[in-house]
Every structure is written in structure tokens, then in C-alpha cells.
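The values are calculated or read from the model by the stated rules, or taken from the named source; none is laboratory data. Quantities reported herein were computed from a predicted structural model and do not represent experimental measurements. Ideal geometry is used to build each Cβ from the backbone, glycine not excepted, and the neighbour counts take in all protein chains shown.
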Amino acid sequence: MSESNYQVKRLNDQPLVSDGHNTNGPSVIKVPTWLDVDQRPFTIKNGKKIIANYYLYYANHNGKFIHMAWSHKIDSGCWFKFNRPDLGLNVAEIPGRGVLDLANGPQRIHLNSSRSIYLGKPNGESGHIASPDVHVDHQKKRIVMYFHGNGSGVAFRRDSNGQRIPYPANQNTYVATSVDGLNFNPADLGGQTKHGILPICIGRAYMRVFSYRGQTYGFSRSALINISPHNPLVLPDPDFPTESTWTASGIQEETELSQHFREYYLPKINHYRSELNQPSFKQVDLEGQVFPRHLCVRRLPDDHHLEVFFSVKFKKGGNFEQWRPPDDSEKILRVVYDLSCKPWQIQREDTGQIRIEEILKAEKYWELKGLCDPFVFVDTDKRIYLFYAGGPIQSEGAIGMVELGPK
């Protein structure tokens, strides 16, 4: 494990937000200046009006809605939960709870004639929506949110040759838009006109989206790379309404990492291939030691390097729900890719070994089950923050944050 280039500064000794023992998937935006103050949440404190400048979106893996908390100052440690009538907090004129509540409507949201998102699975189990990834679209003055949910119907993706390939469709990434980032509900369920959930399936679950040289990409769970069409939010071909609109792809890693035939890897986590002869999405433990969880990405200032933060869940110690010492718990690591190379090349040490940095591990009482769900955010003053999930009961019990600075 390589020494990190970052100096990690913990900003709070407690979580920013927590909703029971299942709080995860942070995604943060700075409220754009084109949203007036009267379009933002606020509170009154000591006779002074405090207005939202930052939105923190998150979820619950058993939940029916996407949560949001807001803050006036990102490092204040003070975040207000938005639109929580169930808690009597910041109730807004928005249906349901949070910013998107599918429990507010029918158990099945029909996106088109062949695809739907459902909260009640066909086998009787409960469905959910989670893992928001939120972006500000300055050009069209809207907020775009990618999220995953349980889906119906047989899904298809296309390989690099354009061949349609069926794949498991129980959890996929969908997308919704909003005028102000506060209401992503379908228009017919109290949402905003011409906004809400779009009738498209982007690809696999846990998507983190970024752009490079005019092309939009998404890393989904286990680092499957998804490549968007020219218009990332284009509607599916009417002849293939269940088809994922983004193309699944992958980067074949160097020989020493390709220990499982026809799989793709990041260091310690595996890329899944999307070729016609191997449409496999089965999770494989790398050397029986670890398996991947969630990740986030950031394009570095030089424009052609991409840093990838991800969590690794160690299997030593038996059942994950049993307590394990912090050194054996899930932690957040980092690698860097050079996007100017074809295929993308991973950063290495002078010795030729792949450079893997340990960024953060459990230290606080509320983190002891491990850290996961990283999200990196760069503010307008260039300060860098890493949000993550941790918990004393399980690793997705609360949202915390640290600042990443140069050493």
C-alpha cells in the first residue's frame, strides 16, 4: 500500500446526518447561483435567516425515497434534513419525503410500455431506491439525479460492436431532473412540469458519472464502465424500450491483475467485461481476500488524469455484521488513471508496482464497522472534501466528511 498524497483532516467528531442504521450514498452539490435565495430552503436562527448553499443527497438501502440535507457552510457540521414530515422537520410543499418519494404513489412507476420501477417486487419482497449521484446542468439550468432502483422486464445492453445482450435487470440506474434540486417526483405525482423521472434506463446500479473530452462516462458498481450516447439522457429506441441507453464497457487490466479469466480489474476491485461472449456480472473475490463495494471519481486539474476512490470490504473475521477491529474493517482507497492513453493506464510506482493509496480508515466510535460510499467534492475555492458512510452497527449508518489537502 502506497503513502497517500493527501493530508486528511477530520472536520467533525460526529456524523453530519444519520437516519437509523442505514444511511448511505452521499452526493453533494453547491447550489448554483442561478437559483435565487427564495428557491432554496432556509431556517431562522437567533433571528437571522440562514439559507441553503449546499445540498447533501443520500439514501437508505431499504428506503422508498431519496433524502436531502442542506447547509449554509459546507464545513460547519450543521446540516438540516429537508422535507421530513415524518420527523416534523423542514416540511415543504413537496409530496412525500425528501426530494423523490416513490412510496407517495403507486407501487410501480411505469417509465414506458415495457419498463417500470417498482417498490414491491414480483416475489413479494420490498423494493427500494438509493445511491443518488447528483449533477448541476448549468447549460439547461436544471439539476440531474442518477439513482438506482428495482426494475421490471428483461434489460438489454449493447457491446462495442452494437450487439444487443440481455443481462439481469433487478437493479439499474435511472435518471430524474428537477428545476431546483428539491423535487424530482414524477409530474403526475406532484412533481414539476417537464421534469421528474425520465423513461430511460441508463445501466447498472451505483452509477458515478463524469465527462472527459466531450464524452460522458459512468462507473457503476464494481467499476463497470458505462459510455453514454452523444446525448446522455436520450430516450431509448422505441423498438427496444427495455434497452439500457448507455453502452457497458471495460478496461482490461495488466496481466498481474487478470487472475480471473475474462474479468476486468481496478487494483483490488474488478471491472466487469461487457463483451458478447462473456456477459458475466457475477461478483468475484480477488484472491479470496476482498470484494469491491462503491466508488466515486474526480477528474484532476490537468484534465487527463482520473482519481478513483473506492471502498474494499475485507472478509476476514466472519460475518460482516459481527464486530471487527478497525484495522480489519472496510476502508477507502484511491488509484489514479491516465485517460489520455488507450487503453487507460493506471498510475504506478517507480518500481512498476501499481500505486494504491489508503485514504481513510475507521477511527471514530461511529465508524467501527467500516467506511464505504465515498463521494469527492471540490468547492469553488478549490478545497476538496470526501464524504463517506460509516457506522457503529453496520458500515452504512451515518454520513461523515473529511477535508483532503496537500501534504
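Pairing each residue of the range 345-370 that is at positive phi with any residue that is not in a helix (DSSP H, G or I), provided the two are 6+ apart or on different chains, yields C-beta distances under 6 Å for GLY370/SER329; GLY370/GLU330; GLY370/ALA362; GLY370/SER395.
Output yes when any residue across the range 53-74 is among the aliphatic types (A, V, I, L, M) and out of contact with any Phe, Trp or Tyr (no Cβ under 9 Å at 6 or more places or on another chain), and no when none is. First the steps, then the outcome.
Taking the range 53-74 as the starting set, the residues that turn out to be among the aliphatic types (A, V, I, L, M) are 56, 59, 66, 68-69, 74.
From what's left, out of contact with any Phe, Trp or Tyr (no Cβ under 9 Å at 6 or more places or on another chain): none.
No, the conditions are met nowhere in the range 53-74.
Scan the range 217-238 and tell me whether some residue there is of a type in the set (Phe, Trp, Tyr), assigned to a strand (DSSP E or B), surrounded by fewer than 20 Cβ atoms within 10 Å (Cβ to Cβ) and modelled with pLDDT of 80 or more. No, the range 217-238 contains no residue that is of a type in the set (Phe, Trp, Tyr), assigned to a strand (DSSP E or B), surrounded by fewer than 20 Cβ atoms within 10 Å (Cβ to Cβ) and modelled with pLDDT of 80 or more. Out of curiosity, is VAL134 of a type in the set (Val, Ile, Thr), at pLDDT below 70 and in contact with a strand residue (DSSP E or B) (Cβ under 8 Å, 6 or more places away or on another chain)? In short, no.
Can you pull out the residues in the range 359-401 that are in contact with a Lys or Arg (Cβ under 6 Å, 6 or more places away or on another chain) and of a type outside the set (A, V, I, L, M)? If the condition is that a residue be in contact with a Lys or Arg (Cβ under 6 Å, 6 or more places away or on another chain) and of a type outside the set (A, V, I, L, M), then LYS361, CYS372, GLY391, GLN394, SER395 are the ones that fit.
Can you list the strands (runs of 3 or more DSSP E) lying wholly within the range 1-101 that have 1 or more residues being buried (at least 22 other Cβ atoms within 10 Å of the Cβ), touching a residue at least 24 places away in the same chain (Cβ under 8 Å) and among the hydroxyl-bearing types (Ser, Thr, Tyr)? Quick ask: steps written out before the conclusion?
Values: elements: 6-10, 24-30, 42-45, 48-51, 54-59, 65-71.
In the range 1-101, 24-30, 54-59 are the strands (runs of 3 or more DSSP E) which contain 1 or more residues that are buried (at least 22 other Cβ atoms within 10 Å of the Cβ), touching a residue at least 24 places away in the same chain (Cβ under 8 Å) and among the hydroxyl-bearing types (Ser, Thr, Tyr).
Looking at (1) modelled with pLDDT under 90; (2) in contact with a Cys (Cβ under 6 Å, 6 or more places away or on another chain), find the lone condition where GLN394 falls short. GLN394 satisfies all of (1) modelled with pLDDT under 90; (2) in contact with a Cys (Cβ under 6 Å, 6 or more places away or on another chain) except (2).
Would you be able to say whether some residue in the range 58-71 is within 23 Å of GLU307 (Cβ to Cβ) and not aromatic (Phe, Trp, Tyr)? There is no residue in the range 58-71 that is within 23 Å of GLU307 (Cβ to Cβ) and not aromatic (Phe, Trp, Tyr). Of all residue pairs spaced 6 or more apart or on separate chains, those with beta-carbon atoms under 6 Å, a first member in the range 147-176 that is closer than 14 Å to ASN226 by Cα and modelled with pLDDT under 80 and a second member that is of a type in the set (A, V, I, L, M, F, W, C) and part of a loop (DSSP other than H, G, I, E, B) are ASP159/LEU276. Taken over the range 371-382, the criterion of being touching a residue at least 60 places away in the same chain (Cβ under 8 Å) and in a loop (DSSP other than H, G, I, E, B) is satisfied by ASP379, THR380.
Here is the figure for the range 357-367: residues that are out of contact with any Asp or Glu (no Cβ under 8 Å at 6 or more places or on another chain) and surrounded by fewer than 20 Cβ atoms within 10 Å (Cβ to Cβ) total 4. If the condition is being in contact (Cβ under 8 Å) with a residue 40 or more places away in the chain and either under 19 Å from ALA59 (Cβ atoms) or hydroxyl-bearing (Ser, Thr, Tyr) (or both), then the range 212-225 contributes TYR212, GLY218, PHE219, SER220, ARG221, SER222.
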